[in-house]
1. Show me the three semi-axes of the equivalent ellipsoid for the chain, from the C-alpha gyration tensor (sqrt of 5 times each eigenvalue), largest first, rounded to whole Å.
2. For the ranges 256-264, 158-166, what's the packing order if you count other beta-carbon atoms within 10 Å of each residue, average per peptide, and put the highest first?
3. Name the residues whose placed amide hydrogens come within less than 5 Å of the amide hydrogen of V113, ignoring near sequence neighbours (fewer than 5 apart) on the same chain.
4. Kindly write out, for segment 130-137 in residue order, the coupling ³J(HN,Hα) from the Karplus curve 6.51 cos²θ - 1.76 cosθ + 1.60 (θ = phi - 60°), rounded to whole Hz, with x marking Gly and Pro.
5. Can you list residues whose amide H is under 5 Å from G176's amide H, if they're 5+ apart or on another chain and H is modeled 1.01 Å from N?
6. Count charges around A75 for me, please; just the other residues with Cβ under 12 Å from its Cβ, Lys/Arg as +1, Asp/Glu as -1.
7. Search the structure for amide H atoms under 5 Å from the amide H of N295, placed 1.01 Å from N in the peptide plane, and list their residues when 5 or more places away or on another chain.
8. Applying a 10 Å radius around every beta-carbon, put 37-48, 90-101 in order of their mean neighbour count, most first.
Amino acid sequence: MAMEEATATAFGFPAEVRPGGTRVGWIGIGVMGGAMAARLLAAGFAVTAYARTPAKAGALVAAGARLADSPASVAAASDVVFTMVGNPGDVRSVVLDAASGALAGLRPGGVLVDCTSSSPSLAREVAAAARAAGCHAVDCPVSGGDVGARDGTLALLAGGDEAVVAWLAPLFAHLGRPTYMGPPGSGQSSKIANQIAVAGAVVGLGESLAFAGAAGLDERLFLGAVSKGAAGSRVMDIFGERALSRDFSSGGSVRYIIKDLGMALEVGDGQEEEEVNVLPGSALYRQMFSAMAANGDGELCLQGLITVVERLNGIMRK
């Protein structure tokens with residue numbers, strides 16, 4: 001059944017998803033989560049947020065969000081709870097902790113939406129725990145970077161019950177374009193595959209710009225020319241100018257893609273050990289991004305990969 005044809009009528013939620021009616025919780029308000037929560041606030045949804053560092057919530061609170069002191073408190077005040085945290089361990093903590101996790105506070109019929117890039121097996125575990133509590137869980141990692149989060153143009157990769165994903169459409173509409181990928185865990189598997197493609201494109205971008213500069217080309221002229229041809233991509237659009245401008249702070253930390261590529265290379269993910277993922281390109285990309293961290297640049301963003309290529313070639317840039 002196509003996602004747009006699915007309805008939520010069988011779920012008996014107290015009301016349709018609508019601004020002023022549906023209460024939204026948000027856990028994790030970093031670069032991505034903060035921008036996404038702000039878009040829902042601007043659309044008229046009541047938002048209750050939790051941040052491990054409350055000072056980071058200042059802009060959201062000023063825009064009208066209410067701040068809670070725990071994930072469970074967020075969930076108790078919400079119909080739909082979004083999470084956007086750093087890694088699978090954080091997801092487990094903020095969702096499944098028996099005392100303070102979101103699932104401990106969510107009413108029966110409530111919905112958890114995890115936008116973290118996390119483990120498919122953990123997504124299935126969360127979905128099972130939610131189901132046992134009379135709730136629903138959707139794993140919905142996103143792609144599109146800080147620009148997509150700000151502009152509401154993210155790709156939303158949703159796994160879980162198709163009807164629940166469809167029920168969330170009025171919220172997703174303010175964040176980007178959702179695609180139903182399959183049962184629980186499918187969103188996370190899709191994001192890992194997405195990150196393999198993104199990593200390869202970023203490595204290619206960094207090497208091409210380093211080569212162009214070393215060859216004496218005008219790098220901006222080069223970038224503008226090839227971006228209109230087969231080399232052009234969303235990655236080039238987002239990260240190309242940032243790399244040329246040496247703006248390595250805009251976007252998310254490179255540590256996240258190191259984590260994501262690590263999950264791509266993991267043995268099994270709950271499957272048989274002989275089902276090893278043989279992905280030599282991903283292994284190489286992860287090593288290159290890991291070199292950024294080893295060089296002390298682990299908090300810089302993906303476009304900083306060009307510095308690794310420059311170091312390997314003895315190119316000295318500020």
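1. Details: eigenvalues 256, 89, 67 Å².
Ellipsoid half-lengths, sorted descending, are 36, 21, 18 Å.
2. Values: 256-264: 20.9, 158-166: 23.2.
Highest-to-lowest ranking by the protection proxy: 158-166, 256-264.
3. V81, F82, T83, V138
4. Ordered by residue, 3J(HN,Hα) equals 5, 4, 5, 8, x, 10, 9, 9 Hz.
5. L154
6. Numbers: positive: R23, R107; negative: D79, D97.
Neighbourhood net charge equals 0.
7. For N295, whose amide H was placed from the backbone, there are no distant partners under 5 Å.
8. On the way: 37-48: 20.2, 90-101: 17.9.
Descending packing order for the listed peptides: 37-48, 90-101.
The values are calculated or read from the model by the stated rules, or taken from the named source; none is laboratory data. Being a predicted model, the structure only gives us computed values, none of them experimental. Note that each Cβ is placed from the backbone with ideal geometry, even for glycine, and that neighbours are counted across all protein chains shown. Note: areas computed on protein heavy atoms with side chains; ligands, DNA, RNA excluded. Shrake-Rupley method; radii C 1.70, N 1.55, O 1.52, S 1.80 Å.
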